[in-house]
Amino acid sequence: LKSQQLKVFQPSKPYFPKASSFLAMYFQLLALFITVLCHAGELTCNARQGACMGGSNTDDAEPRLVMREMRRFGDIGYSEWMAKYSRADVADPVVFEDTFADTYSEADWTPEAFLKDFGDIELYVDEDCLVPDAEIDDLRDCHKVRIVNESLIGENWAALQAVDLKAFGIKTIGDLMRAQETPEGQGLHLHDESLTWDHHKPLLDNLRAPKYFPLDYTQLCISEYVRRVKAWAHFPSLFIAKKGSHVPLHADNHMTRFWVMQLSGKQHWRFFPPSEFWRLNSTKSARQYYPLAFEADTMKPDFTKHPALNGAFGYETVLKPGEMLFVPEAWAHQVYNTEDSISVSANWVDDHSLQKHIDFLMHSMQHQTDKQAYRTQRRLEIYKSVFVPFSRPAKSVMDVNPTWDVFWKRHFMKHMSVPEHLDEWIEKGIDKP
């Protein structure tokens, strides 16, 4: 019997099924594959587990965004952060809850306390770019008091437009905050006011740099003089906005990461990775490396106007006083101020984002003037001169949140070994070719 069974299951000559059998098997597998895809398209992402990166686009489903609550960290070490969560291939927006617990007190940063302590500080205005009879758009880079112009959504970055400071009688931080209390000034934002030693030293003395982001490659290209005087020198930036105001969906330029430290009030944030840009009605010119402006409103989504928005995957959180937000490079974000809000923020480049930043600079040079391209080339030379990864200081440096004075001193390249031909540039700064 066993020998007969062996003859059945072990034929003397190889068995080759007919071509028609192969064809039938092919169509069966194809049908199974299509069925799996159809069911996968109807899946929705579990808000906690993030099982998939998008929701349904079927007509019979209720249109919605697929939002996931952001990861939150309490006490996490610098080494663990860099190894597990900061790398470009795994980085997502996260919230640090206790970064400044040893130096931050919410009572010190209420709007009333802020107005009392820092209201007399004059806002930075670049007088060189203020010309007689200038159009409002021409004042965009002269100061940082803005309003949201809804007609510019999808065209201008964040749809922000400068205002005429004289029309509102604004000269100081206090003037701005008082103007925001008037019906005409409720929509005023102080957006990205760079803090410099010469203009904002009392405020900087009361702030600390986050220990998780200890160094910044872009600071290598800025001289000590420029850092103390010029508003574009990448100090932390100040943001002041009223309850109910918002900033439309946009992405930050230059392939830089950014963090936000919430001093007062609460903000509702939403974030979308580059893989979801096609759903957000992005606008991108040939000169841009990646989209920076988007037409979609993710806080009040209009699925009729933007049908691809249905199923868009993103993260969201409500940022509270004392908390810090981290956002990777090139992520689109939108913010709504649920309360009167005061915050500080900074963009930077570290080991994990340096290559993407360099790729951006190389692309930008194709569309720059000779003078701009010359500056970009010199910036790249400085990056190449740092042979050891720059953001790997001693572990003891990561134990505390340093003062901003200590933070900037880490970036003085005169203390580092650099090619001789760069010495003059380092002293003068990149703004003086």
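Remark: the stretch 145-161, residue by residue, has Karplus-estimated 3J(HN,Hα) of 8, 10, 10, 8, 9, 4, 6, 9, 4, x, 9, 9, 4, 6, 6, 8, 9 Hz, where x stands for each Gly or Pro and the curve is 6.51 cos²θ - 1.76 cosθ + 1.60 at θ = phi - 60°. Rounded to two decimals, the Cα-based Rg/Rh of the stretch 165-323, with Kirkwood Rh, is 0.99. Applying D = kT/(6 pi eta Rh) to the stretch 142-202, where Rh is the Kirkwood radius over alpha-carbon pairs, T corresponds to 25 °C and eta to 0.890 mPa s, the Stokes-Einstein value obtained is 196 µm²/s. Per-atom-type breakdown for the stretch 157-309 gives carbon and sulfur 51% of the accessible area (1.4 Å probe, protein chains only). Multiplying the residue separation of E112 and E181 by 0.36 nm and subtracting their alpha-carbon distance yields 23.6 nm. Each residue of the stretch 92-100 was assigned a 3J(HN,Hα) from its phi angle through the Karplus curve 6.51 cos²θ - 1.76 cosθ + 1.60 (θ = phi - 60°); the sequence is 10, x, 9, 10, 9, 8, 10, 4, 10 Hz, with glycine and proline shown as x.
Separation of the stretch 170-200 and the stretch 308-327 by C-alpha centroid, Å? A separation of 26 Å, based on Cα centres. In this label model, N206 and Q355 are separated by 4.3 nm, measuring between points 7 Å along each Cα→Cβ vector.
Between R287 and D92, the modelled labels are 3.6 nm apart [label points 7 Å from Cα along Cα→Cβ]. Add +1 for every Lys or Arg and -1 for every Asp or Glu among the other residues with Cβ under 10 Å from the Cβ of K356, and state the total. Taking every Cβ under 10 Å from that of K356, the sum is -1.
Cβ-Cβ distance of T304 and D405, R₀ of 56 Å, FRET efficiency by 1/(1 + (r/R0)^6): the value works out to about 0.60.
The values are calculated or read from the model by the stated rules, or taken from the named source; none is laboratory data. Predicted model, so just to flag it, every value in this text is computed and none were measured. Virtual Cβ from ideal backbone geometry, glycine too; neighbours counted across all protein chains shown. Calculation scope for accessible area: heavy atoms of the full protein, side chains included, ligands and nucleic acids excluded. Shrake-Rupley method; radii C 1.70, N 1.55, O 1.52, S 1.80 Å.
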